There are 2 protein chains.
Amino acid sequence: MVQYYQTSFDASFAALSDATRRGVLEQLAYADASITELAAKFQMTLTGMKKHISVLEQAGLVRTEKIGRVRTCKLGQRKLEQELLWLENYRQLWDARFNELDRVVQELKQQELSDGRP
Amino acid sequence: MVQYYQTSFDASFAALSDATRRGVLEQLAYADASITELAAKFQMTLTGMKKHISVLEQAGLVRTEKIGRVRTCKLGQRKLEQELLWLENYRQLWDARFNELDRVVQELKQQELSDGRP
DNA sequence: ATAATACTGAACCATATGGTTCAGTATAGA
DNA sequence: TCTATACTGAACCATATGGTTCAGTATTAT
């Protein structure tokens, strides 16, 4: 894994580790929203929501634009493709690892069998 | 999203938000390892590595077994399938959202055109 | 001009995180 | 039996997190 990805992964997975933030992302996938709207929907103070938005923005998952006194939040440029690839790769390794174990277990069983009947 | 998944997602994404822990998972996908081995590989005290392993264990990503004085760490039962599904779904929503924006932009262009020539 | 709205920043709080050291305990090896 | 190894737990530390309140500032509406 390249060093470059490390910090980026840290930030995006950390951003995803909070239910409110995952909810915000889902919400923004449905429609853009202001801080006030999001704060209301997730029952939180404006300041609290602002912090979450900052985290998402830092991770490149959300982009915001302030027009007048309203800051509108939209989905950012990152669609978590690298993270998706990491997970897919992991699942593949996991499967390979467990298939290998299965194989070993099968071999042991074979041995038992051949030990059983000479 | 069902409430049940929330805490589980919190734990697994939080576990993945650290480069050392992702490294440990990759390592364990390759071969089981003791705490000492992992601590050496990631240049950290035993106690430090033990904490990471605890986090991974809590998240169900790693399973350990102590035989004699050696605790061996192996991949856990969770292969992050739900998390993978969440990311896939998100990417899909993201694409849909941006395609929609493209469509709106196209419509605006069309309008400009028809405004241009009566 | 006044009042309401929308956000922002600082300060605070409790708890978590990622690491350490130090002092054990339990097991394995000579 | 003595010693080295492998882990474990408590305590500590600095910093981050997820939230709050309170006191602003900037915009919009009346």
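The values are calculated or read from the model by the stated rules, or taken from the named source; none is laboratory data. This is a predicted model, so every value here is computed, not measured. Counting neighbours? That spans all protein chains shown, and the Cβs are built from the backbone with ideal geometry, glycine included. Note: accessible area is taken over every heavy atom of the protein model, side chains too, but ligands, DNA and RNA are not part of it. Shrake-Rupley method; radii C 1.70, N 1.55, O 1.52, S 1.80 Å.
Per-residue shielding of B:75-83, expressed as the average number of other chain Cβ atoms within 10 Å of the residue Cβ, stands at 4.
Taken about its Cα centre, region B:63-104 carries a charge dipole of about 620 debye when Lys and Arg each add +1 at the Cβ and Asp and Glu each add -1 at the Cβ. Which of B:A29, B:L93, B:H52 sits closest to the plus end of the dipole of region B:1-97, meaning its Cα is farthest towards the positive end, when Lys and Arg get +1 and Asp and Glu get -1 on the C-beta? Ranked along the dipole, the leading option is B:H52. Between the amide H of B:V62 and those of B:E57, B:G76, distances stay under 5 Å, these residues lying 5 or more places away or on another chain, with hydrogens modeled in the peptide plane.
How much length would be gained if the chain were fully extended between B:F98 and B:I67, taking 0.36 nm per residue of separation minus their Cα-Cα distance, in nm to one decimal? Can you show the working numbers first?
Details: separation 31, 0.36 × 31 = 11.16 nm, distance 5.36 nm.
Fully extending the segment from B:F98 to B:I67 adds 5.8 nm.
Cross-link reach is defined here as a Cα-Cα straight distance under 28 Å, omitting same-chain residues fewer than 8 places apart; for B:K66 the lysines meeting it are A:K109, B:K41, B:K50, B:K51, B:K74, B:K79. Note on A:84-97: average number of Cβ atoms from other chains within 10 Å of each residue's Cβ is 6. Semi-axes of the equivalent ellipsoid for region B:3-75, computed as √(5λ) from the eigenvalues of its C-alpha gyration tensor and ordered from largest down, come to 21, 13, 10 Å.
Once both labels are positioned 7 Å from their Cα atoms along Cα-to-Cβ, the gap between A:Y30 and A:E81 label points is 2.7 nm. Once all protein chains are placed together, A:W94 keeps about 30 Å² accessible to a 1.4 angstrom probe.
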